[in-house]
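Notes follow the structure.
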Amino acid sequence: MMINAEFVRDQRTRRGWTQQQLAEVADLSLRTVQRIENQGVASNESVSALSAVLEVSREALLIRSPSPTPKRAAAERRLVWLTALAAAAGAGVGTVVTLLVVGV
């Protein structure tokens, strides 16, 4: 899961804890805490442990994927339409070429 590493680091330093202390309190390995703070990646269990220890909701720790903007959604719809149009045109051209080659 993608986790807000900056938020975790901030919560830890506000309490005056080292990474080792956070690891011990959360019953995680030091390497896990380091990975979370450096890479922003955590397992479901690690998120639960950090949530409990830091006394914040799981949602506060997780990075939410941004919702598509109206402009992006319109671009995606156009792309789907153009892909379908290209497939239909390709099928039509293929049919004509086949008929010409076969000599019908």
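Every read-out reported here was derived from the displayed coordinates using simple, explicitly stated rules and does not represent laboratory data. The structure presented is a predicted model; accordingly, all values stated were derived computationally and were not measured. Every residue, glycine among them, receives a Cβ derived from its backbone with ideal geometry; neighbour counts consider all protein chains shown.
Selection over the range 1-18 of residues that are over 25 Å from the mean Cα position of the chain (by Cα) and either of a type in the set (S, T, N, Q) or at positive phi (or both) gives a count of 3.
Of all residues in the range 45-59 being surrounded by 11 or more Cβ atoms within 10 Å (Cβ to Cβ) and of a type in the set (D, E, K, R), which is nearest to E6 (Cα to Cα)? Going through the qualifying residues, I end up with R58.
Selection over the range 1-34 of residues that are outside any helix (DSSP H, G or I), within 13 Å of L54 (Cβ to Cβ) and among the polar types (S, T, N, Q) gives a count of 1. Out of the range 35-44, which residues are exposed (fewer than 14 other Cβ atoms within 10 Å of the Cβ) and assigned to a helix (DSSP H, G or I)? Result: N38, Q39, N44. Any residue in the range 60-82 that is assigned to a loop (DSSP other than H, G, I, E, B), at negative phi and surrounded by 10 or more Cβ atoms within 10 Å (Cβ to Cβ)? There is at least one residue in the range 60-82 that is assigned to a loop (DSSP other than H, G, I, E, B), at negative phi and surrounded by 10 or more Cβ atoms within 10 Å (Cβ to Cβ).
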